[in-house]
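J.: Please see the structure below; I have some questions.
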Amino acid sequence: MPELPEVETIARVLRDGSGDYQTSIIGCQVNQAVLLWARTLATPAPGIFEKLIIGQTIQSLSRRGKFLVFLLSDLTLLIHLRMSGDMRVENGHDEAGNPKPFEKHDRLALEFNNGQRLVFNDTRKFGRAWLVKDPAEVLGWLGPEPFDELLTTDAFFEMLHRRSRQLKPLLMDQHFIAGLGNIYTDEALHLAKLHPLALTDQITKEASTRLLSAIREVLGEGIRRNGASIDWVYRGGDFQNHFSVYGRAGSPCPICGTPIERLVVGQRGTHI
DNA sequence: CACGTCACCTGCGTGC
DNA sequence: TGCACGCAGGTGACGT
């Protein structure tokens, strides 16, 4: 899926507009909701969802971990893109004023009073949307944001030593820290010169400090480059051209020239 | 608690 | 060309 930098990029585009769409969805009022794949909606039931969301105005849009957080008039819409989700804003009608047909894999759409519509497209159908009164119902269990100032080097070291787990699976555990996925975890571990299978409670203070700063470095670069665009899920970013290890098995390490190895950790392709 | 496995889905590349 | 298989940015429910 989109990881933190990709979700952040999508949030910024929807908020500020970019390229073809210079308009923001902030301030738009929902006229109509169209649910094209029922399981995309985690909660509430479709009929209730439609009833509740019509008339709501988008107050703000932010990101928490890999979730998009739409603050509405008196509810919160949360969307998780999982592996293949994407969001776009478009005019809901063509030049003749006829409703524009949906695209393949469109799963949920919100039509606005200004004629625009927000569409959630998700090839693999793993993505989910929640409409809730209190966002903590869905987000409450998430670990800290990687850039949170309260996440100090001391706190991070203490978090790593509170359990004994393989480093990579723990970094990808959203309870531990929110936002890292397969790409950025591999990149951060490489930058910090740490092995994905190292045990968390054996990490030295120096290594844990290096790791936290590597996490922030790779996520920051990902955001600056508007995320990574892989395969058919193109979103405009170009971080994919700057990976050090991810997807580069057999190629030389940019630091030492040793061929990059691919192994499997927790069922995920892992590059060292 | 830590870890492995499977499930949820569609589509693309590879090799036979 | 057809087809099987492996692989993919994520997560959650199990079983051991």
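Every number in this text was worked out from the coordinates using simple rules, so none of it is lab data. Given the structure is predicted, the values throughout are model-derived calculations rather than measurements. Ideal geometry is used to build each Cβ from the backbone, glycine not excepted, and the neighbour counts take in all protein chains shown.
J.: Tally Lys and Arg at +1 and Asp and Glu at -1 over the other residues with C-beta under 13 Å from the C-beta of A:ARG82: what net charge comes out?
T.: Once all neighbours under 13 Å are counted, the net charge is +2.
J.: Order of A:TRP141, A:TRP130, A:TRP37 from fewest to most other C-beta atoms within 10 Å?
T.: With the sparsest Cβ surroundings first, the list reads A:TRP141, A:TRP37, A:TRP130.
J.: Of the peptides A:154-160, A:254-260, how do they stack up when ordered by the mean number of other Cβ atoms within 10 Å, highest first?
T.: Taking the mean over residues of other Cβ atoms within 10 Å, the ranking is A:154-160, A:254-260.
J.: If the reach is capped at under 25 angstrom between alpha carbons, list the lysines near A:LYS205, excluding any in the same chain fewer than eight residues apart.
T.: A:LYS168, A:LYS193
J.: If you don't mind, there's one more thing I want to ask. Quick check on the exposure proxy: order A:SER24, A:SER18, A:SER208 from fewest to most C-beta atoms within 10 angstrom.
T.: On the way: A:SER24 16, A:SER18 13, A:SER208 21.
Final ranking by Cβ density, sparse to dense: A:SER18, A:SER24, A:SER208.
J.: Show which lysines lie in cross-link reach of A:LYS133 when reach means a straight Cα distance below 24 angstrom and same-chain residues fewer than eight apart are skipped.
T.: List returned: A:LYS51, A:LYS66.
J.: If you stretched the chain out fully between A:SER24 and A:THR204, how much longer would it get, using 0.36 nm times the residue separation minus the C-alpha to C-alpha distance?
T.: So the chain would gain 60.2 nm between A:SER24 and A:THR204.
J.: Pick from A:GLU187, A:GLU103, A:GLU90: which residue has the top mean-square fluctuation in a GNM of chain A where Cα pairs under 10 Å get a spring?
T.: In this elastic network of chain A, the residue with the biggest mean-square fluctuation among A:GLU187, A:GLU103, A:GLU90 is A:GLU103.
J.: If you don't mind, another one. Is it possible to state the helix-based mean residue ellipticity at 222 nm for chain A, with each DSSP H run of 4+ residues giving -39500 (n - 2.57), the sum divided by total residues, to the nearest 500 deg cm²/dmol? What is it?
T.: -7500 deg cm²/dmol
J.: According to the Kirkwood expression over distinct Cα-Cα pairs, how big is the hydrodynamic radius of chain A, in Å?
T.: 19.9
J.: In angstroms, what radius of gyration and Dmax does the stretch A:4-139 have, counting Cα atoms only?
T.: Rg, Dmax (Cα atoms, Å): 13.7, 44.
J.: Same structure, new question: Can you sort A:ASP186, A:ASP134 by how many other beta carbons sit within 10 Å, fewest first?
T.: Fewest-to-most ranking of A:ASP186, A:ASP134: A:ASP134, A:ASP186.
J.: So, counting K/R as plus one and D/E as minus one, what does the shell of residues with Cβ under 15 Å around A:SER208 add up to?
T.: Within the 15 Å Cβ shell, the charges total +3.
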